[in-house]
Structure formats: C-alpha cells, structure tokens
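Participant: For reference, the structure I am asking about is given below.
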Amino acid sequence: MIVKTSTESTPTINSLDDLASCLDYSLIDRLTPDPDATDDGADHTPRQVFSGHYVPVTPTPIGQPEYIAHSPTFFRELGLSDDLAQDDHFTRLFSGDLANLPEGFRKTGWATGYALSIYGTEYIQQCPFQTGNGYGDGRAVSVVEAVLGNQRWEMQLKGGGRTPYCRGGDGRAVLRSSVREFLAQEHMHALGVPTSRSLTLYVSKTDAVKRPWYSEGSRSMDPDRMVAEPVAITTRVAPSFIRVGQLELFGRRARKRQPNALAELEQLVRHLIQREYSDEIQTELSLPESVLTLAKAFRGRLTQLVANWIRVGYCQGNFNSDNCAAGGYTLDYGPFGFIDAFNPHYQPWTGGGQHFAFMNQPVAAGKNFGSFCRALQPLLADEPEALRQLHEIERDFDNAMQAEMEAMWAAKLGLSLFDIELFRRLEMLMLLMPVDYTRFFRILSELSFTSLSAEELAQDLNTLKASFYNGKGYEAVALHPRYNLDYAEMEHRWTEWLSQWRQAIMREAVEADKCGETPRSEAQVRAGMKAANPKYTLREWLLAPAYQAAAQGDYSLIHELQSVMTQPYAEQSAEIDERFYRLKPIEAFGAGGVSHLSCSS
C-alpha cells in the first residue's frame, strides 16, 4: 500500500540528509521492474523491453554543472530552502550524479516505456525495432520520489542521458529547450493551468551537442544549419509521470495476450489511481467500478485542461497520447507555443499537422481519451455491462468538452452563460482583422459596459485597437485576402459587436434582478474577466532572446522573464508593460525559431 501523505507541514529541508527522510519510492517498490534489466542501472543502449513497468537506469551526469535558476515558489511549496539550489550535493544530484548520496536515496533512477497513438491511430513505426518494445523515456530519467508539502512528488531529469528507449539518440537536452521548459512550466502554473512543475535548471560548462536549428534571420520552415549547443538538465516534477501511452502499452500487450500483460495493466491502473486519484476513487471499489470512476475523473480533468489551454492562448503542438499525462495536466514542453494573432489553425511545430492546431486541441484531446479508454478495455473483458458504460463515458467526451469550452468563453467575455451568436460574430471579426489574442481579451476586460453612447463606443474601439495587427508594417497579416473589406467597414463591425457585447452583459444583470438575485456589479464583472484573461503570456519572441543570452553566460533575462511570467494576471510596471505587454514585432513574423520551430531539443 502506498504511504499516504501527512497532514502535518513539512519542516524546512536544508540538505540532502533532510530530503532523505521524506523519500518514498512507491513506483519502484510497488510496480514490476524489467526482468532483463541490470542491477547497476548501466543500461544505456537501445534495446527491446518486453515486460515490466520500468527499467532501472543511472542518469549520465553533465560535466561541470552551473546553476542557472530554480523556482522559489515551488521550493517554498516543497519546504526546500532556497540555498539548496546552489548547494554542491543538491546540484550534483539534479544534474545527474547519483553517486555518494545519503542513505535512503536509490543508486539508480528509472525510465518507463510507453506506446504511441497519433490522433487515435496506433503506431509502432517510431520504435526502432518496429515492435513497440523500444519506445519510451529516451532521455528523461526519474531520480527521486518523495512526500513533500503534504503531496507525493516524482522528480525527473529532462536530458538525463541515454536509456534503453533512446532510439539511438544522445539522451541530452540543449540549453535552448531546457530554458523554454523551465520557464513555461512555472508560467503555466501561475496561469492556473494544471502542469508539471520546474524545480531547477543547470547547464554544463563543458558539454555541447549538435542540433539542427535556424540561422539568424532565417525564414525557412525547417532548420537550415547544424549548431553546437550547451547541454542542460531541467528537473520537472509531478505527482506522477504516467502517460496515456503508458497505459496503452500494456493494454495493447493484454489484447495480444502477452504473458503477464493483463496483470501489469491492472497494477499500473491501480497505481495511477493511488498516485493521482486517491481523493476521488475509494479503495474499497471493485476493479470495474474503479476503472469506470477513473475514466469519468480523467475525462473531467482532460476537458478542463484543454479549455484552460485555449483560455490562455497555449498550443501544445504535439498532443500525441504519449504526451498526454494520465493525471490530467500539461506535460512535455517541446513544440509548444503561445498564440500571438488569433488564428484557429495556429500550430508552432513544423513537424505537426493541423489536427494539433490551436482550436483543434479539443478534438485531439478526444482522440487521446479514446486511446485511454481502449487501453482500459482488457480489464473489463469479462464485464459486458461495465464495457458498455465505458463506451458511454467515451462517447460523451464531446459533450463534456463542449460544456467546458462554453463556460471558458463565457468567462473570457464576462458572461455567466455562453452566448453562441455573440461568440461567433467575435470569432469572425478576429479572423477578418487579426487581433493579438492576449491583449484583446485583457483590454476588453478593462472596458466599461454601463453606457452605450456612440461616443463611448468609439472611444472603446480606439482603446481596443491597441490589440489589432494593422498598420505600421502589419498590413501583410492584417486582413484575410479573400475578404474585400476596408478599415472603415471593419470599424463599423467592431463598433456593432462592442454594443452587442455590452447589451449581453446588461441583459444578464436585468435577468438576475428579475429572479430576485443581486446582479453582478461592473467591478465584479471586470474582476472575473481579468481572472480569466492574463495580461502576460510567454511568447516565443520573448523566449528566444533569453536562451540566446543564456548561451553566452548571461542569465539575467531568464530571471526577469521568470519574475514577470509568474505574475501573469498582475498589473506590473510601465517599464514591464513596454517590454512584455505589446504586439509581436513585425520582424518576428515568419522568423524561423520564433514564428515556427522544429522539435530539435
């Protein structure tokens, strides 16, 4: 049985000896290791893994690790002293060196295998053996599991070296991608979006690897040169790293009646419930009841997650089943991006397709949920009624997703109930006259709606124009070429929409009054909108200068971005606004590595 977290607060942890007292390796203690694995974890060559939930593997330390950053917010949540981040022993551990650790720490880490489905279609071609037995954590090595801050956490090194799943790769992550992931995870947490978290970021002062990337000023879709980049390790942390693809691996094996696969699938599902859903699924439930409750709970988390992604302008870019956390949070910050000009087809990753584009993410989530349910089916093979209920839960995904999306759009617009006609008109206007997605909704949340005079509407439109990509060199991205509309006509349409939006909010106030309820005040509506609409998001044109400077040893912009982006709803200084709350620079449109990027991390 997994140890439950304590209700007592965690004392401040000042050393690895203190941390050792909090260790509890539930995964490797309760699940099944690969029977072909070595005891010492020296398992760094690509090979097939036929059974077992994990492979013991030692990470490969980076040479001469140098501290770049840690998350003070997360350190406080975990009860860790900030001084630990630059402590020599702590640095060695979280840069991949598991030698000479205090008693209680395991001498190896662990990597897990998983399967891959893309948009609901099962694939094995990405496995070098064409069997599906060599696909999994190729450079992510978990090294710690502990109970901290009344919560169980698993700590995983991204870029921790080769594992049996490395598929011939070097197992490294470069500084560029590590900076992106480190900053993005804490930003998403501050945005209120469920996510893995960032603990630390270290860079090697001696090690570099070559990756394809874009030359300065490149407008190419694909990288046009090979560059040597410093290697780095960022430690990401989550209650678990169980993915939909991990369940799929054992579900597929069980369907093929591979020995022990059904038992290993059940073990993994029960472990997932204990790690991620213990508050929602009672231990006394039967297996069929547990599976059905799990499917409903995951559906709720997944639909809420994707609605939140769209609320804040985030596009995952590559939402395969192996990038879909079974705990219902954001995982794997590779080809992600935050949208600039509103575009339903926004897709930052050059290797992705429109099926993973910004407004297609709800459909992609549904495909992953289908893969999740398919993986659970072997556990219910002898339970026809439970199977029927599982199919029903799966079929109802679209309705659950639509409800979350409508609630999200209503909140962004300051409404209690979704107004489909108002939203459709807005969506069309944002396509005809591209607006900066983040700035538009933030400015809208600051407009008054208690008066409808023509003068005030005109003034509001002028205020809203600060989010429009038109004029001053933006004409190329301003109007869709198939529409022959001039700016005067667009201004008229926007003025009409603003009037309709105000009327919709006022109608809700009248209806509330009729029902004997207290209507929301203007201040309450504005506060609700501002809580739904962040002021700052982590655009790629803000990230690129930070990791470019970091490659030269200057980490100041990383720290500045970390400070700004962990307060995304706050009103910050005028200087911060001038630098971080503005339209995308014209020169960044179409720029390789900024407007689009490959997944060469």
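Participant: Sorted by packing (mean other beta-carbon atoms within 10 Å per residue), highest first, where do 322-332, 518-528 land?
Facilitator: 322-332, 518-528
Participant: Let me ask another. Let me have the relative contact order for the chain, percent, based on Cα pairs under 8 Å that are six or more residues apart. Let's see the in-between values first.
Facilitator: On the way: 1159 pairs, mean separation 86.0, N = 601.
After rounding, I find 14 percent.
Participant: Another question, then. Residue by residue through segment 129-139, which ³J(HN,Hα) values in whole Hz follow from phi under the Karplus form 6.51 cos²θ - 1.76 cosθ + 1.60 (θ = phi - 60°), with glycine and proline marked x?
Facilitator: 9, 6, 10, x, 9, x, 10, x, 5, x, 8
Participant: Among 174-183, 278-287, what's the highest-first ranking by average C-beta atoms within 10 angstrom per residue? Show your work: numbers first, answer last.
Facilitator: Details: 174-183: 25.5, 278-287: 12.3.
Final packing ranking: 174-183, 278-287.
Participant: On a 0 to 90 degree scale, rounded to 10, what angle separates helix 397-412 from the longest Cα axis of the chain?
Facilitator: The angle comes out near 50 degrees.
Participant: Please compute the modelled spin-label separation between residue 495 and residue 99, points set 7 Å along Cα→Cβ, answer in nm with one decimal.
Facilitator: Here the modelled spin labels are 7.5 nm apart.
Participant: Between residue 260 and residue 124, how many nm apart are label points set 7 Å from Cα along the C-beta direction?
Facilitator: With each label placed 7 Å out from Cα toward Cβ, I get 1.9 nm.
Participant: Beta carbons within 10 angstrom, averaged per residue: use that to sort the peptides 420-426, 158-164, highest first. If you can, show how the numbers build up before the last one.
Facilitator: Numbers: 420-426: 14.7, 158-164: 27.0.
Ranked by mean Cβ neighbours within 10 Å, highest first: 158-164, 420-426.
Participant: Which ³J(HN,Hα) values, rounded to whole Hz and listed in residue order, are derived for segment 31-38 from phi using the Karplus coefficients 6.51, -1.76 and 1.60 in 6.51 cos²θ - 1.76 cosθ + 1.60 with θ = phi - 60°, glycine and proline given as x?
Facilitator: Those phi angles translate into 9, 9, x, 4, x, 8, 6, 7 Hz.
Participant: Classify segment 201-276 as rounded, prolate or oblate, taking a ≥ b ≥ c as the square roots of the eigenvalues of its Cα gyration tensor: rounded when a/c is under 1.5, otherwise prolate if a/b is larger than b/c and oblate if not.
Facilitator: prolate
Participant: Relative contact order of segment 261-409, please, whole-number percent, based on alpha carbon pairs below 8 angstrom and at least 6 residues apart.
Facilitator: After rounding, I find 27 percent.
Participant: Could you tell me the distance between the Cα centroids of segment 177-243 and segment 561-601, to the nearest Å?
Facilitator: 16
Participant: Take every DSSP beta bridge with both residues inside the chain and express the antiparallel ones as a percent of the total, to the nearest 5.
Facilitator: Roughly 90 percent of the DSSP beta bridges within the chain come out antiparallel.
Participant: Pull up all non-local amide H partners of residue 148: gap of 5 or more, or a different chain, and H-to-H distance under 5 Å with H placed in the peptide plane.
Facilitator: Under 5 Å from the amide H of residue 148: 153.
Participant: Give, rounded to the nearest 20 debye, the magnitude of the charge dipole that the chain has about its Cα centre when Lys and Arg contribute +1 at Cβ and Asp and Glu contribute -1 at Cβ.
Facilitator: Dipole magnitude for the chain comes out near 1240 debye.
Participant: Right, next: Among 123, 20, 506, whose Cα projects farthest towards the positive end of the dipole of the chain, with charges put on the beta-carbon of Lys, Arg (+1) and Asp, Glu (-1)?
Facilitator: 123
Participant: Going by alpha carbons, how many degrees (0 to 90, nearest 10) lie between the helix axis of 361-376 and the longest principal axis of the chain?
Facilitator: Once rounded, one gets 30 degrees.
Participant: Moving on to the next point. Once you have a ≥ b ≥ c as the square roots of the Cα gyration tensor eigenvalues for segment 413-588, tell me rounded if a/c is under 1.5, and otherwise prolate or oblate according to whether a/b is larger than b/c.
Facilitator: Here segment 413-588 falls in the oblate category.
Participant: Let me ask you something else. So, in nm, how far is label residue 563 from label residue 488 when the simple model puts each one 7 Å beyond its Cα toward the Cβ?
Facilitator: Taking the two extended label points, one gets 4.9 nm.
Participant: So how far, in whole Å, is the C-alpha centre of segment 344-406 from the one of segment 34-94?
Facilitator: 32
Participant: Beyond 30 Å between alpha-carbons counts as too far, so tell me which of 412/465; 412/584; 107/296 fall in that bin.
Facilitator: 107/296
Participant: Quick one: dipole size for segment 413-588, taken about the Cα centre, charges +1 on Lys/Arg Cβ and -1 on Asp/Glu Cβ, in debye to the nearest 20.
Facilitator: 280
Participant: Under 1.5 on a/c is rounded, so check that first for the chain, then, if it is not, pick prolate when a/b is larger than b/c and oblate when it is not; a ≥ b ≥ c are the square roots of the alpha carbon gyration tensor eigenvalues.
Facilitator: Working: a/c = 1.74, a/b = 1.41, b/c = 1.24.
Prolate, because a/c is 1.5 or more and a/b exceeds b/c.
Participant: Residues with amide H under 5 Å of residue 195's amide H, sequence separation 5 or more or different chain, H placed in the peptide plane at 1.01 Å from N; which?
Facilitator: 330
The numbers here are math on the coordinates, done by the rules we state, and not lab data. Since the model is a prediction, treat every value here as computed from it, not as a measurement. Glycine also receives a Cβ, built like all others from the backbone with ideal geometry; neighbour counts cover every protein chain displayed.
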